[in-house]
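Data block below; observations after.
The values are calculated or read from the model by the stated rules, or taken from the named source; none is laboratory data. Just so you know, these numbers come straight off a predicted model, no measurement behind them. In this analysis, Cβ positions are derived from the backbone assuming ideal geometry, glycine residues included, and neighbour counts consider all displayed protein chains. Each accessible area value is taken on the protein alone, full model and side chains, heavy atoms only, with ligands, DNA and RNA left out. Shrake-Rupley method; radii C 1.70, N 1.55, O 1.52, S 1.80 Å.
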Amino acid sequence: QVQLVESGGGLVHTGGSGRLSCAASGRDFSFYPMGWYRQAPGKRRELVAIMTSDGSTNYTDSVKGRFTISRDNGGNTVHLQMNRLLPEDTAVYYCYVDEKVAYWWGQGTQVTVSS
């Protein structure tokens, strides 16, 4: 059974930092892209960051230079280091894996940045 379990998040002040982690189990995802989406109230879910199996990364423009994605545990754990957080980063953050034939999602974790 595939599971993606997220941790981290919570309430942070503007300019602060936070770290999200996502541990995937039930399958070897080391060959597939893993990343993070987020959804703010009243907005569509958007891609935040993604890392492929060869270490290539891609970030949405609004987080470039502030967020860093990484993977470990043989590629089945993905982290998102978030620095210089802004109120507009407030959202539910979802971990995901693109297994080509299927997408797997975590349950989501709330990040709230107070102004």
Can you tell me, using C-alpha contacts under 8 Å and at least 6 residues apart, the relative contact order of the chain as a whole percent? 36
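Given a 1.4 angstrom probe, what's the average accessible area per residue across the range 25-115, in square angstrom? Spell out each step's value before the answer.
Details: 4690 Å² over 91 residues.
Per-residue accessible area for the range 25-115 comes out at 52 Å².
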Here, trypsin sites (Lys or Arg not before Pro) of the range 1-49 satisfying both criteria (DSSP loop; at most 12 other Cβ within 10 Å) are LYS43, ARG44
Applying the Karplus parametrisation 6.51 cos²θ - 1.76 cosθ + 1.60 with θ = phi - 60° to the phi angles of the range 81-88, what ³J(HN,Hα) value in whole Hz is obtained for each residue in order, glycine and proline being reported as x? 8, 10, 10, 6, 5, 10, x, 6
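Loop only per DSSP, at most 16 neighbouring Cβ atoms within 10 Å: give me the chymotrypsin sites (Phe, Trp or Tyr not before Pro) in the range 6-108, ordered by residue number.
The qualifying sites are PHE31.
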Report the accessible area of ASP28, computed with a 1.4 Å probe over the heavy atoms of all protein chains in place, in Å² rounded to the nearest 10. 80
Percent of beta bridges antiparallel (DSSP, the chain, rounded to nearest 5): 90
Potential lengthening between GLN39 and ALA102 on full extension [0.36 nm per residue; Cα-Cα distance subtracted]: 20.6 nm
